[in-house]
1. Which three lengths, in whole Å and largest first, does segment 144-223 cover when its Cα atoms are put on their principal axes?
2. Counting each DSSP H run of 4 or more residues in the chain as -39500 (n - 2.57), what helix-only mean residue ellipticity at 222 nm follows after dividing by all residues, to the nearest 500 deg cm²/dmol?
3. At q = 0.17, 0.20 Å⁻¹, work out log10 I(q)/I(0) for segment 89-187 with the Debye formula, treating every Cα as an identical point scatterer and leaving solvent out; two decimals please.
4. Could you tell me how far the Cα centroid of segment 167-204 sits from the Cα centroid of segment 92-141, in Å?
5. Under the rule a/c < 1.5 gives rounded, and otherwise a/b versus b/c splits prolate from oblate, where does segment 45-84 land using the Cα gyration tensor?
6. Keeping all protein chains in place, calculate the accessible area per residue for segment 1-76 (probe 1.4 angstrom), answer in Å².
7. What is the chain's relative contact order, in percent, from Cα pairs under 8 angstrom and six or more apart in sequence?
8. Give me the accessible area of Trp201, 1.4 Å probe, in Å² rounded to the nearest 10.
Amino acid sequence: MPRSERLVRDLVRRTLDAARAAGPDAVAPIVQAGHPVLRAVARPYDGELEPDELTELLALMHRTMRAAPGVGLAAPQIGIPSAVAVVEDPGAGDDEVVRVRERAGLAYRVLVNPSYAPVDGDEVAFYEGCLSVVGYQAVVVRARSVHLTGLDEAGVPVDEVVRGWPARIVQHETDHLRGTLYVDRALTRSLSATDAWGAHWGAEPVPLEAARALGFELPRTARGSAGEERR
Ligand code: ZN
């Protein structure tokens with residue numbers, strides 16, 4: 001077994017031991033920006049865990065994501081440099097923000113060794129945040145639809161188009177596995193402390209006023225589709 005594979009397996013075993021010791025509802029500590037594991041390229045998962053260990057790790061990640069609460073969690077966020085992530089979005093009601101973001105909800109699923117590619121040039125610009133960059137939100141321009149490939153937790157190939165807010169979640173989590181944080185892709189002048197974001201921009205479906213007031217520019221591709229959707 002290669003050294004990096006053994007490293008992942010040992011880290012997982014230590015993480016699971018700590019969680020077991022803390023009880024059945026234990027969650028894992030989420031590491032914050034500045035921790036080098038968030039900047040490493042995660043090792044493609046290659047069956048280095050026993051099936052029971054993988055199941056237990058995914059259950060721990062699922063509990064940790066829900067407790068945060070969040071809509072996605074990548075293994076590096078709990079200190080494990082392996083290309084595995086979990087996603088789940090219950091959706092957020094039926095207001096205009098939700099409709100414009102196309103946030104219909106996303107059933108719990110596991111992404112193993114995922115990749116994505118934009119389906120076309122259609123982009124959308126919305127505020128997003130990260131469990132590993134606590135306290136901030138920023139606008140990220142992302143593809144509205146992506147072609148998602150990879151595997152599920154059973155090793156079954158995934159090959160599908162994901163659209164709307166779920167596409168944003170998939171891109172954010174897959175980026176984590178490459179050592180990329182959303183702040184790397186953000187329009188930096190949009191950066192807002194979460195309280196300030198909530199007070200000023202949280203209710204704005206597309207960050208047009210935020211762009212004007214904070215002095216950042218939405219790309220024309222994003223602005224165009226966002227403008228149409230608003231009406
Ligand atoms: Zn994140």
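1. If we take the Cα atoms of segment 144-223, the spans are 47, 24, 20 Å.
2. Mean residue ellipticity at 222 nm (helix-derived): -11000 deg cm²/dmol.
3. -0.79, -1.10
4. After rounding, the separation between the Cα centres reads 9 Å.
5. oblate
6. Ligands and nucleic acids excluded, the figure is 55 Å² per residue.
7. Across the chain, relative contact order equals 20 percent.
8. 40 Å²
The values are calculated or read from the model by the stated rules, or taken from the named source; none is laboratory data. Here the structure is a predicted model, which means the values were calculated and not measured. Just the protein is used for accessible areas: all its heavy atoms, side chains included, with ligands, DNA and RNA removed. Shrake-Rupley method; radii C 1.70, N 1.55, O 1.52, S 1.80 Å.
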